[in-house]
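Here is the structure we will look at.
The values are calculated or read from the model by the stated rules, or taken from the named source; none is laboratory data. None of these values were measured; they are calculated from a predicted model. Heads up, the Cβs are rebuilt from the backbone with ideal geometry, glycines too, and the neighbour counts pull from every protein chain shown. Only protein heavy atoms, including side chains, enter the accessible area calculation; ligands, DNA and RNA are left aside. Shrake-Rupley method; radii C 1.70, N 1.55, O 1.52, S 1.80 Å.
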Amino acid sequence: MERILIIGAAGQLGSELTWALTELYGGDNVIATDINPQALTKFDYCQSRVLDVMDKDALKKLVVDQQVKQIYHLAAVLSATGEQNPLFAWNLNMDSLIFVLELAKELKLDKIYWPSSIAVFGPNTPKVNTPQYCVKEPNTVYGISKQAGERWCEYYFQKFGVDVRSLRYPGLIGYKSLPGGGTTDYAVDIYHKAIAGEHFVSFLKEDTYLPMMYMPDAIKATLDLMHAPKEQVLIRSSYNVGAISFSPKEIFESIRLHYPDFTISYEPDFRQNIADGWPDSVDDTRARQDWGWKPQYGLQEMTDDILKHLPTFTF
Ligand code: AKB
């Protein structure tokens with residue numbers, strides 16, 4: 001069994017991916033890492049270590065000592081938080097990726113996973129059914145770092161044969177972690193407000209459509225890509241993957257079927273500008289063709305599932 005290291009395991013994606021990887025590879029072979037020791041307490045089913053990904057010597061020591069063969073590098077500053085401290089976001093997002101790619105090259109690691117995002121697109125990108133290849137002029141530091149990161153991934157694959165794989169995630173919606181500083185995270189927060197019986201103030205306008213995906217689909221997409229034979233992974237920058245597209249008004253209506261008294265108002269802030277530069281929906285034909293991607297959850301199915309589990313979920 002291959003040893004797998006997850007960097008940023010306590011985040012939104014890591015919290016669920018770590019469990020899925022543990023089920024597949026066993027707790028002895030999965031090492032969850034995070035900069036926050038407190039956040040690691042939930043990983044009692046696999047190995048865990050405190051790791052600051054900016055400490056490249058500590059990262060290398062861990063990989064060598066534990067004979068790690070695959071790295072899932074999930075740590076990043078997201079879009080909304082990134083705008084508060086752009087240079088910090090740029091340094092963390094870029095330097096950490098380069099550390100991981102260099103390590104993969106030097107130690108001849110088997111596989112690397114690194115998430116990209118719909119944030120690589122920008123205001124001049126076609127908004128509907130956004131193609132895999134098109135104009136990309138991101139206007140957030142997060143988007144710029146993801147776009148540059150995609151170029152680095154393809155570069156390390158072509159020049160050094162590093163088997164790095166990536167998805168351009170839409171907004172990921174899950175109930176097992178709290179919102180983490182992304183523009184699409186309003187669609188996580190809204191469920192928490194609904195079950196708490198609180199009014200929800202949306203920081204996006206009611207008709208702002210964004211591509212989104214329920215977490216079980218995101219985990220499936222990630223594992224399908226990572227388990228695909230190497231020759232089927234033909235895009236080494238990052239794959240478009242789509243699932244659902246909805247607006248704040250539509251997710252609100254889907255929740256109101258369960259909570260008829262739930263209320264919403266709209267107070268767009270700086271995040272509206274970020275969302276306006278992103279696609280409404282993406283064309284993921286290449287992911288479907290190359291390694292068989294197919295999402296399972298629609299908006300109402302996602303809402304029904306979240307509202308079934310969230311009220312009794314303990315963080
Ligand atoms: C964000 O909103 O910043 C992220 C993303 C779309 O990558 N969820």
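Please work out the Cα center distance from the range 262-299 to the range 190-221, rounded to the nearest Å.
11
Which one, GLN272, GLN289, PHE262, is farthest towards the positive end of the dipole of the range 261-304 when Lys and Arg carry +1 and Asp and Glu -1 on their Cβ?
The residue sitting most towards the positive pole is GLN289.
Once amide H atoms are placed 1.01 Å from N in the peptide plane, what residues at a sequence separation of 5 or more from ARG49, or on another chain, have their amide H within under 5 Å of its amide H?
When sequence neighbours closer than 5 places are left aside, the close amide H contacts are ALA32, THR33, ASP34.
Full extension from LYS205 to LYS105: what is 0.36 nm times the residue separation minus their Cα-Cα distance, to one decimal in nm?
Working: separation 100, 0.36 × 100 = 36.00 nm, distance 4.49 nm.
Extra length from LYS205 to LYS105 when fully extended: 31.5 nm.
Mind checking the dipole of the range 200-315: about its Cα centre, +1 per Lys or Arg Cβ, -1 per Asp or Glu Cβ, Debye to the nearest 20?
420
Of the options ALA89, CYS46, VAL68, report the single residue whose Cα projects farthest towards the positive end of the charge dipole of the chain (beta-carbon charges: Lys, Arg +1; Asp, Glu -1).
The residue sitting most towards the positive pole is VAL68.
Could you give the angle, 0 to 90 degrees to the nearest 10, between helix 299-309's Cα long axis and the longest principal axis of the Cα atoms of the chain?
80
Once phi is turned into θ = phi - 60°, what whole-Hz ³J(HN,Hα) does the Karplus curve with 6.51, -1.76 and 1.60 give for every residue of the range 242-248, x standing for Gly and Pro?
Listing the rounded values in order: x, 8, 10, 9, 8, 10, x Hz.
Taking H as built 1.01 Å from N, whose amide H comes closer than 5 Å to the amide H of SER237, not counting residues under 5 places away?
Those qualifying (amide H under 5 Å, at least 5 residues apart or on another chain) number zero.
For the pair MET94 and ARG288, what calculated FRET efficiency results from E = 1/(1 + (r/R0)^6), where r is the Cβ-Cβ distance and R0 = 25 Å, to the nearest 0.05?
Details: r = 30 Å, r/R0 = 1.21.
Efficiency, rounded to the nearest 0.05: 0.25.
Report, by chain and number, residues whose modeled amide H sits under 5 Å from the one on ASP163, excluding near sequence neighbours (fewer than 5 apart, same chain).
When sequence neighbours closer than 5 places are left aside, the close amide H contacts are ILE112.
Output needed for the range 124-197: three equivalent-ellipsoid semi-axes, defined as square roots of 5 times the C-alpha gyration tensor eigenvalues, in descending order, whole Å. All intermediate terms of the calculation are to be shown ahead of the outcome.
Details: eigenvalues 189, 55, 24 Å².
Result for the range 124-197: semi-axes of 31, 17, 11 Å.
Which ³J(HN,Hα) values in Hz, rounded to whole numbers, follow from the phi angles of the range 164-173 under the Karplus curve 6.51 cos²θ - 1.76 cosθ + 1.60, where θ = phi - 60° and Gly and Pro get x?
Each residue of the range 164-173 in turn: 9, 10, 7, 10, 8, 5, x, x, 9, 10 Hz.
Quick check: net charge around VAL282, other residues with Cβ under 12 Å of its Cβ, Lys/Arg +1 and Asp/Glu -1? Kindly include the intermediate steps, with their values, before the conclusion.
Working: positive: LYS127, ARG168, ARG286, ARG288; negative: ASP280, ASP283, ASP284.
That sum, taken over residues with Cβ under 12 Å, equals +1.
Out of PRO179, VAL100, GLY27, whose Cα points farthest toward the positive end of the dipole of the chain (charges: +1 Lys, Arg; -1 Asp, Glu; placed on Cβ)?
VAL100
Within the chain, what whole-number % of the accessible surface is contributed by carbon and sulfur, with the 1.4 Å probe and all protein chains included in the calculation? Don't skip to the end; give the middle numbers.
Values: 6800 of 13270 Å².
Reported share for carbon and sulfur atoms: 51 percent.
Over the chain, one equal point on each Cα, no solvent: what is log10 I(q)/I(0) by the Debye formula at q = 0.07, 0.10, 0.12, 0.13 Å⁻¹?
-0.26, -0.53, -0.78, -0.93
Mind telling me which of PRO260, PRO248, PRO268 comes out most flexible in a GNM of the chain, alpha-carbon contacts under 10 Å?
Comparing PRO260, PRO248, PRO268 in a Gaussian network model of the chain, the most mobile one is PRO260.
Please list 3J(HN,Hα) in residue order for the range 265-273, calculated via the Karplus relation 6.51 cos²θ - 1.76 cosθ + 1.60 where θ = phi - 60°; whole Hz, with x for glycine and proline.
Once θ is set to phi - 60°, the couplings for the range 265-273 become 9, 10, 9, x, 10, 4, 6, 4, 5 Hz.
So, R0 is 35 Å and r is the distance between the beta-carbons of GLU253 and THR41; what FRET efficiency does that work out to, to 0.05?
Numbers: r = 37 Å, r/R0 = 1.06.
About 0.40, to the nearest 0.05.
Which log10 I(q)/I(0) values does the range 164-239 give at q = 0.17 Å⁻¹ under the Debye formula, counting every alpha carbon as one identical point scatterer?
-0.75
I'd like the orientation of helix 12-25 relative to the chain: the angle between its Cα long axis and the longest Cα principal axis, in ° from 0 to 90, rounded to 10.
50
What number, in percent, do you get for the relative contact order of the range 203-260 if the mean sequence gap of Cα pairs under 8 Å and at least 6 apart is divided by its residue count? Don't jump to the answer; show the numbers that get you there.
Details: 34 pairs, mean separation 34.7, N = 58.
Reported relative contact order: 60 percent.
Quick one: what do you get for the range 229-315 if you divide its Cα Rg by 2.2 N^0.38 Å? If you can, show how the numbers build up before the last one.
Numbers: Rg = 17.2 Å, N = 87, 2.2 N^0.38 = 12.0 Å.
Compactness ratio reported: 1.44.
Take GLU2 and THR312, extend 7 Å from each Cα along the Cα→Cβ direction, and tell me the distance between the two endpoints in nm.
About 3.6 nm separates the two model spin labels.
Dipole magnitude of the chain about its Cα centre, charges +1 at Lys/Arg Cβ and -1 at Asp/Glu Cβ only, in debye to the nearest 20? Let's see the in-between values first.
Numbers: 30 positive and 40 negative charges, 167 e Å.
Dipole magnitude for the chain comes out near 800 debye.
Pairs LYS176/LYS308; LYS146/LYS193; LYS56/LYS108: which are spaced more than 22 Å apart, C-alpha to C-alpha?
Values: LYS176/LYS308 13 Å; LYS146/LYS193 30 Å; LYS56/LYS108 16 Å.
Result: LYS146/LYS193 exceed 22 Å.
Would you calculate, for the chain, the mean residue ellipticity at 222 nm contributed by helices, counting each DSSP H stretch of 4 or more residues as -39,500 (n - 2.57) and dividing by all residues, to the nearest 500?
That calculation yields -12500 deg cm²/dmol at 222 nm.
With a cut-off of 8 Å between alpha carbons and a minimum separation of six or more residues, what is the relative contact order of the range 234-287 in percent? Kindly include the intermediate steps, with their values, before the conclusion.
On the way: 22 pairs, mean separation 37.7, N = 54.
Relative contact order of the range 234-287: 70 percent.
How large is the accessible surface per residue of the chain, computed with a 1.4 Å probe and reported in Å² as a whole number?
Values: 13270 Å² over 315 residues.
With all protein chains present, the chain gives 42 Å² per residue.
Find the all-direction average of the projected area of the Cα convex hull for the range 80-133, expressing the result in square nanometres with one decimal place. Spell out each step's value before the answer.
On the way: hull surface 21.6 nm².
The Cα convex hull of the range 80-133, projected and averaged over all directions, gives 5.4 nm².
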